[in-house]
1. Starting from the range 92-113, take each residue that is at positive phi and list its partners that are among the charged types (D, E, K, R), counting only C-beta distances under 6 angstrom and pairs at least six apart or across chains.
2. What do you reckon, is V92 buried (at least 16 other Cβ atoms within 10 Å of the Cβ), under 26 Å from E172 (Cβ atoms) and out of contact with any strand residue (DSSP E or B) (no Cβ under 9 Å at 6 or more places or on another chain)?
3. Specify the residue that is modelled with the lowest pLDDT; the eligible residues are those in the range 133-165 that are open to solvent by 90 Å² or more (accessible area, probe 1.4 Å) and more than 30 Å from M97 (Cα to Cα).
4. Kindly list the number of the only condition in (1) surrounded by 10 or more Cβ atoms within 10 Å (Cβ to Cβ); (2) of a type outside the set (S, T, Y); (3) under 29 Å from the mean Cα position of the chain (by Cα) that fails for A286.
5. When both residues are 6+ apart or on different chains and their Cβ atoms are under 7 Å apart, which pairs have a first residue that lies in the range 253-272 and is modelled with pLDDT of 85 or more and open to solvent by 80 Å² or more (accessible area, probe 1.4 Å), and a second that is of a type outside the set (D, E, K, R) and part of a helix (DSSP H, G or I)?
6. Can you tell which of E169, E218 is open to solvent by 40 Å² or more (accessible area, probe 1.4 Å) and either part of a helix (DSSP H, G or I) or touching a Ser or Thr at 6+ places or on another chain (Cβ under 9 Å) (or both)?
Amino acid sequence: MSPMQTFIEFATTGFGPVILAGVIGIGMILATLPFVLNQRKDPLDKLKESARADRGANHAGQATLRAKAGNDKLEKYSGFLEPQSEAEYSDVRMKLMQAGYRTKDAVRFFHFAQFALGILGLVLGVGYYLLVLAGGPDVTTQKTLIFILGPGGAGYMLPRYWVTKRRQERQEQIISGFPDALDMMLVCVEAGQSLDQAIMRVAHEIRASFPALADEFEIVSYEVRAGKDKASVLSDMGERCGVNDVSSFVTVLIQSASFGTSIAEALRVYAGEMRDKRVMRAEEKANKLPTQMTLATMMLTVPPLLIILVGPSVVGITKMGEMNF
(Lines give C-alpha, C1' and ligand atoms only; values in the text may rest on other atoms or scores of the structure.)
Protein backbone atom coordinates (compact mmCIF):
# COMPACT_ATOMS: atom_id res chain seq x y z
CA MET A 1 0.00 0.00 0.00
CA SER A 2 1.42 3.38 -1.01
CA PRO A 3 1.80 6.23 1.51
CA MET A 4 -0.95 8.21 -0.24
CA GLN A 5 -3.40 5.32 0.04
CA THR A 6 -2.44 4.85 3.68
CA PHE A 7 -3.07 8.54 4.36
CA ILE A 8 -6.45 8.46 2.57
CA GLU A 9 -7.53 5.38 4.52
CA PHE A 10 -6.45 6.98 7.79
CA ALA A 11 -8.29 10.24 6.97
CA THR A 12 -11.57 8.47 6.17
CA THR A 13 -11.85 5.79 8.88
CA GLY A 14 -12.24 5.74 12.65
CA PHE A 15 -10.83 8.73 14.52
CA GLY A 16 -8.72 9.72 11.52
CA PRO A 17 -10.88 12.73 10.49
CA VAL A 18 -10.95 14.07 14.05
CA ILE A 19 -7.18 13.72 14.47
CA LEU A 20 -6.54 15.22 11.05
CA ALA A 21 -8.82 18.17 11.84
CA GLY A 22 -6.98 18.72 15.13
CA VAL A 23 -3.58 18.69 13.42
CA ILE A 24 -4.80 21.14 10.77
CA GLY A 25 -6.25 23.39 13.48
CA ILE A 26 -2.98 23.42 15.42
CA GLY A 27 -1.09 24.21 12.22
CA MET A 28 -3.43 27.12 11.46
CA ILE A 29 -2.99 28.46 15.01
CA LEU A 30 0.79 28.27 14.72
CA ALA A 31 0.66 29.99 11.33
CA THR A 32 -1.50 32.87 12.58
CA LEU A 33 0.21 33.44 15.95
CA PRO A 34 3.02 35.66 14.57
CA PHE A 35 0.48 37.92 12.83
CA VAL A 36 -1.88 38.12 15.81
CA LEU A 37 0.79 38.73 18.44
CA ASN A 38 3.07 40.92 16.37
CA GLN A 39 2.64 44.43 17.73
CA ARG A 40 4.19 47.67 16.69
CA LYS A 41 6.93 48.77 19.00
CA ASP A 42 6.00 51.67 21.24
CA PRO A 43 8.26 54.76 20.85
CA LEU A 44 8.70 54.78 24.63
CA ASP A 45 10.04 51.23 24.43
CA LYS A 46 12.57 52.40 21.83
CA LEU A 47 13.73 55.13 24.22
CA LYS A 48 14.01 52.58 27.03
CA GLU A 49 16.06 50.27 24.80
CA SER A 50 18.47 53.05 23.89
CA ALA A 51 18.78 53.99 27.56
CA ARG A 52 19.48 50.38 28.49
CA ALA A 53 22.10 50.16 25.76
CA ASP A 54 23.84 53.24 27.14
CA ARG A 55 23.75 51.89 30.68
CA GLY A 56 25.02 48.51 29.46
CA ALA A 57 28.05 50.14 27.89
CA ASN A 58 28.86 51.83 31.21
CA HIS A 59 28.18 48.83 33.45
CA ALA A 60 29.68 45.90 31.56
CA GLY A 61 31.36 44.49 34.68
CA GLN A 62 28.31 44.12 36.92
CA ALA A 63 27.79 41.03 39.08
CA THR A 64 26.58 37.89 37.31
CA LEU A 65 23.92 37.18 39.94
CA ARG A 66 21.84 40.19 38.92
CA ALA A 67 18.75 39.12 36.94
CA LYS A 68 19.09 39.69 33.22
CA ALA A 69 16.81 42.05 31.31
CA GLY A 70 13.78 40.66 29.51
CA ASN A 71 14.08 39.18 26.06
CA ASP A 72 12.47 41.55 23.58
CA LYS A 73 11.50 38.71 21.25
CA LEU A 74 9.52 37.02 24.01
CA GLU A 75 8.14 40.29 25.33
CA LYS A 76 5.67 40.46 22.43
CA TYR A 77 4.27 37.05 23.35
CA SER A 78 4.17 37.59 27.11
CA GLY A 79 0.36 37.49 27.15
CA PHE A 80 0.48 34.06 25.55
CA LEU A 81 3.49 32.61 27.40
CA GLU A 82 2.74 33.86 30.93
CA PRO A 83 -0.11 32.82 33.25
CA GLN A 84 -2.77 35.50 33.54
CA SER A 85 -3.44 34.67 37.18
CA GLU A 86 -1.05 36.46 39.54
CA ALA A 87 -1.12 33.59 42.04
CA GLU A 88 -0.27 31.03 39.34
CA TYR A 89 2.50 33.25 37.95
CA SER A 90 4.03 33.71 41.42
CA ASP A 91 3.87 29.97 42.09
CA VAL A 92 5.62 29.06 38.82
CA ARG A 93 8.24 31.79 39.28
CA MET A 94 9.00 30.64 42.84
CA LYS A 95 9.48 27.03 41.68
CA LEU A 96 11.82 28.18 38.92
CA MET A 97 13.80 30.31 41.38
CA GLN A 98 14.11 27.35 43.73
CA ALA A 99 15.43 25.35 40.76
CA GLY A 100 18.06 28.03 40.08
CA TYR A 101 16.40 29.91 37.20
CA ARG A 102 16.21 33.54 38.34
CA THR A 103 16.07 35.43 35.03
CA LYS A 104 13.15 37.65 34.11
CA ASP A 105 12.18 35.43 31.17
CA ALA A 106 12.29 32.15 33.11
CA VAL A 107 8.49 31.77 33.22
CA ARG A 108 8.18 32.59 29.50
CA PHE A 109 10.90 30.14 28.53
CA PHE A 110 9.27 27.47 30.71
CA HIS A 111 5.85 27.79 29.06
CA PHE A 112 7.40 28.14 25.61
CA ALA A 113 9.33 24.90 26.17
CA GLN A 114 6.13 23.13 27.26
CA PHE A 115 4.24 24.41 24.20
CA ALA A 116 7.02 23.68 21.69
CA LEU A 117 7.85 20.20 23.00
CA GLY A 118 4.16 19.30 23.19
CA ILE A 119 3.62 20.27 19.54
CA LEU A 120 6.83 18.48 18.50
CA GLY A 121 5.76 15.30 20.30
CA LEU A 122 2.33 15.46 18.67
CA VAL A 123 3.85 15.86 15.21
CA LEU A 124 6.24 12.96 15.82
CA GLY A 125 3.38 10.79 17.04
CA VAL A 126 1.27 11.52 13.97
CA GLY A 127 4.25 10.88 11.68
CA TYR A 128 5.06 7.58 13.39
CA TYR A 129 1.45 6.46 13.12
CA LEU A 130 1.17 7.33 9.44
CA LEU A 131 4.48 5.79 8.44
CA VAL A 132 4.54 2.67 10.64
CA LEU A 133 1.21 1.77 12.20
CA ALA A 134 -1.46 2.99 9.74
CA GLY A 135 -3.20 0.18 7.91
CA GLY A 136 -1.99 -2.53 10.30
CA PRO A 137 -4.39 -5.32 11.27
CA ASP A 138 -3.94 -4.90 15.04
CA VAL A 139 -4.30 -1.11 15.18
CA THR A 140 -7.17 -0.11 17.47
CA THR A 141 -8.56 3.26 18.48
CA GLN A 142 -6.85 3.03 21.87
CA LYS A 143 -3.47 2.33 20.29
CA THR A 144 -4.00 5.19 17.85
CA LEU A 145 -4.67 7.68 20.63
CA ILE A 146 -1.74 6.38 22.70
CA PHE A 147 0.80 6.63 19.88
CA ILE A 148 -0.43 10.06 18.73
CA LEU A 149 -1.28 11.85 21.99
CA GLY A 150 1.29 10.05 24.17
CA PRO A 151 4.40 11.76 22.73
CA GLY A 152 2.65 15.14 22.87
CA GLY A 153 1.77 14.71 26.54
CA ALA A 154 5.29 13.49 27.32
CA GLY A 155 6.81 16.50 25.57
CA TYR A 156 4.50 18.86 27.44
CA MET A 157 5.40 17.35 30.83
CA LEU A 158 9.15 17.11 30.17
CA PRO A 159 10.01 20.73 31.22
CA ARG A 160 8.01 20.33 34.43
CA TYR A 161 9.87 17.10 35.23
CA TRP A 162 13.21 18.77 34.49
CA VAL A 163 12.45 21.73 36.78
CA THR A 164 11.29 19.40 39.56
CA LYS A 165 14.50 17.35 39.38
CA ARG A 166 16.68 20.47 39.32
CA ARG A 167 14.79 21.85 42.30
CA GLN A 168 15.27 18.64 44.31
CA GLU A 169 18.97 18.43 43.47
CA ARG A 170 19.50 22.06 44.44
CA GLN A 171 17.68 21.64 47.75
CA GLU A 172 19.72 18.51 48.54
CA GLN A 173 22.91 20.44 47.83
CA ILE A 174 21.79 23.25 50.16
CA ILE A 175 20.89 20.78 52.91
CA SER A 176 24.28 19.05 52.60
CA GLY A 177 26.33 22.24 52.77
CA PHE A 178 24.32 24.19 55.30
CA PRO A 179 25.90 22.75 58.53
CA ASP A 180 29.43 23.45 57.26
CA ALA A 181 28.40 26.97 56.20
CA LEU A 182 27.00 27.66 59.68
CA ASP A 183 30.20 26.45 61.36
CA MET A 184 32.27 28.71 59.13
CA MET A 185 29.91 31.63 59.74
CA LEU A 186 30.20 31.10 63.49
CA VAL A 187 34.01 31.18 63.27
CA CYS A 188 33.88 34.43 61.27
CA VAL A 189 31.46 36.11 63.69
CA GLU A 190 33.45 35.06 66.75
CA ALA A 191 36.62 36.36 65.05
CA GLY A 192 35.10 39.87 65.03
CA GLN A 193 33.47 40.15 61.62
CA SER A 194 29.94 41.43 61.18
CA LEU A 195 27.17 39.17 59.97
CA ASP A 196 27.25 40.71 56.47
CA GLN A 197 31.00 40.21 56.17
CA ALA A 198 30.68 36.65 57.50
CA ILE A 199 27.99 35.82 54.92
CA MET A 200 30.15 37.16 52.09
CA ARG A 201 33.22 35.27 53.32
CA VAL A 202 31.26 32.02 53.66
CA ALA A 203 29.84 32.45 50.15
CA HIS A 204 33.36 32.83 48.77
CA GLU A 205 34.76 29.83 50.66
CA ILE A 206 32.02 27.26 49.95
CA ARG A 207 31.52 28.06 46.25
CA ALA A 208 33.77 25.21 45.11
CA SER A 209 31.77 22.61 47.06
CA PHE A 210 28.23 24.04 47.26
CA PRO A 211 27.66 26.63 44.51
CA ALA A 212 23.87 26.80 45.03
CA LEU A 213 24.24 27.80 48.69
CA ALA A 214 27.04 30.21 47.79
CA ASP A 215 24.73 31.93 45.28
CA GLU A 216 22.05 32.40 47.92
CA PHE A 217 24.49 33.91 50.41
CA GLU A 218 25.88 36.26 47.76
CA ILE A 219 22.38 37.43 46.85
CA VAL A 220 21.76 38.19 50.53
CA SER A 221 25.01 40.14 50.76
CA TYR A 222 24.32 42.19 47.62
CA GLU A 223 20.75 43.01 48.65
CA VAL A 224 21.89 44.16 52.10
CA ARG A 225 24.57 46.36 50.49
CA ALA A 226 21.90 47.84 48.22
CA GLY A 227 20.01 49.05 51.30
CA LYS A 228 17.23 46.50 51.53
CA ASP A 229 15.90 45.63 54.97
CA LYS A 230 17.85 42.71 56.44
CA ALA A 231 14.75 40.92 57.77
CA SER A 232 13.04 40.93 54.37
CA VAL A 233 16.30 39.88 52.67
CA LEU A 234 16.63 36.86 54.96
CA SER A 235 12.95 35.98 54.52
CA ASP A 236 13.39 36.06 50.73
CA MET A 237 16.36 33.74 51.07
CA GLY A 238 14.24 31.23 53.01
CA GLU A 239 11.56 31.30 50.30
CA ARG A 240 14.08 30.96 47.46
CA CYS A 241 15.77 27.94 49.05
CA GLY A 242 12.58 26.10 49.97
CA VAL A 243 14.41 24.22 52.75
CA ASN A 244 13.08 23.99 56.31
CA ASP A 245 16.56 24.25 57.84
CA VAL A 246 17.22 27.56 56.07
CA SER A 247 13.78 28.92 57.01
CA SER A 248 14.43 28.07 60.67
CA PHE A 249 17.88 29.70 60.47
CA VAL A 250 16.31 32.86 59.04
CA THR A 251 13.77 32.91 61.87
CA VAL A 252 16.57 32.55 64.43
CA LEU A 253 18.52 35.49 62.97
CA ILE A 254 15.45 37.73 62.74
CA GLN A 255 14.44 37.00 66.34
CA SER A 256 18.02 37.50 67.54
CA ALA A 257 18.14 40.91 65.86
CA SER A 258 14.68 41.86 67.17
CA PHE A 259 15.36 40.96 70.80
CA GLY A 260 18.94 42.18 70.84
CA THR A 261 20.51 38.87 71.81
CA SER A 262 23.97 37.73 70.75
CA ILE A 263 24.10 36.53 67.15
CA ALA A 264 27.20 34.46 67.90
CA GLU A 265 25.39 32.57 70.67
CA ALA A 266 22.38 31.94 68.42
CA LEU A 267 24.67 30.69 65.65
CA ARG A 268 26.53 28.42 68.07
CA VAL A 269 23.33 26.75 69.28
CA TYR A 270 21.80 26.41 65.82
CA ALA A 271 25.04 25.14 64.25
CA GLY A 272 25.21 22.41 66.91
CA GLU A 273 21.62 21.44 66.11
CA MET A 274 22.42 21.26 62.41
CA ARG A 275 25.41 18.99 63.06
CA ASP A 276 23.25 16.68 65.15
CA LYS A 277 20.59 16.71 62.47
CA ARG A 278 23.12 15.76 59.80
CA VAL A 279 24.28 12.81 61.92
CA MET A 280 20.66 11.74 62.41
CA ARG A 281 20.03 11.86 58.64
CA ALA A 282 23.12 9.70 58.04
CA GLU A 283 21.97 7.19 60.68
CA GLU A 284 18.50 7.12 59.14
CA LYS A 285 19.93 6.26 55.72
CA ALA A 286 22.13 3.58 57.29
CA ASN A 287 19.12 2.03 59.08
CA LYS A 288 17.09 2.01 55.86
CA LEU A 289 19.82 0.19 53.94
CA PRO A 290 19.18 -3.37 55.26
CA THR A 291 15.46 -3.06 54.46
CA GLN A 292 16.18 -1.79 50.96
CA MET A 293 18.66 -4.62 50.35
CA THR A 294 16.25 -7.34 51.52
CA LEU A 295 14.35 -7.60 48.22
CA ALA A 296 17.52 -7.55 46.13
CA THR A 297 19.14 -10.14 48.39
CA MET A 298 16.13 -12.45 48.09
CA MET A 299 15.99 -12.08 44.30
CA LEU A 300 19.71 -12.78 43.89
CA THR A 301 20.18 -15.57 46.47
CA VAL A 302 16.92 -17.54 46.74
CA PRO A 303 16.61 -18.64 43.07
CA PRO A 304 20.23 -19.98 42.86
CA LEU A 305 19.75 -21.69 46.22
CA LEU A 306 16.56 -23.41 45.03
CA ILE A 307 18.28 -24.50 41.83
CA ILE A 308 21.18 -26.00 43.79
CA LEU A 309 18.95 -27.79 46.30
CA VAL A 310 15.99 -28.85 44.16
CA GLY A 311 17.76 -29.24 40.80
CA PRO A 312 19.36 -32.69 41.43
CA SER A 313 16.07 -34.06 42.77
CA VAL A 314 14.17 -32.83 39.71
CA VAL A 315 16.75 -34.42 37.39
CA GLY A 316 16.56 -37.72 39.31
CA ILE A 317 12.75 -37.78 39.25
CA THR A 318 12.80 -37.04 35.52
CA LYS A 319 15.19 -39.93 34.82
CA MET A 320 13.11 -42.36 36.93
CA GLY A 321 10.00 -41.39 35.01
CA GLU A 322 11.72 -42.01 31.70
CA MET A 323 12.92 -45.44 32.89
CA ASN A 324 9.38 -46.44 33.94
CA PHE A 325 7.99 -45.51 30.55
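The values are calculated or read from the model by the stated rules, or taken from the named source; none is laboratory data. Just so we're clear, the structure is a prediction, and the values are computed from it rather than from any experiment. Reconstructed Cβ throughout: ideal geometry from the backbone, glycine too, with neighbour counts over all protein chains shown. Ligands, DNA and RNA are stripped out before the accessible areas are found, and what is left, the full protein with its side chains, is counted by its heavy atoms. Shrake-Rupley method; radii C 1.70, N 1.55, O 1.52, S 1.80 Å.
1. G100/R170
2. Details: buried (at least 16 other Cβ atoms within 10 Å of the Cβ): yes; under 26 Å from E172 (Cβ atoms): yes; out of contact with any strand residue (DSSP E or B) (no Cβ under 9 Å at 6 or more places or on another chain): yes.
Judged against the criteria, V92 is a match.
3. Filtering the range 133-165 for residues open to solvent by 90 Å² or more (accessible area, probe 1.4 Å) gives 137-138, 142-143, 146, 149, 156-158, 160-162.
From the residues that got through so far, the ones that are more than 30 Å from M97 (Cα to Cα) too are 137-138, 142-143, 146, 149.
Working: P137: 67, D138: 71, Q142: 76, K143: 76, I146: 81, L149: 83.
Filtering the range 133-165 for residues that are open to solvent by 90 Å² or more (accessible area, probe 1.4 Å) and more than 30 Å from M97 (Cα to Cα), the one modelled with the lowest pLDDT comes out as P137.
4. The one condition A286 does not meet is (1).
5. Sorted first by the residue in the range 253-272, then by its partner, the pairs are R268/L186.
6. Values: E218 fails: open to solvent by 40 Å² or more (accessible area, probe 1.4 Å).
Being open to solvent by 40 Å² or more (accessible area, probe 1.4 Å) and either part of a helix (DSSP H, G or I) or touching a Ser or Thr at 6+ places or on another chain (Cβ under 9 Å) (or both) holds for just one of E169, E218, which is E169.
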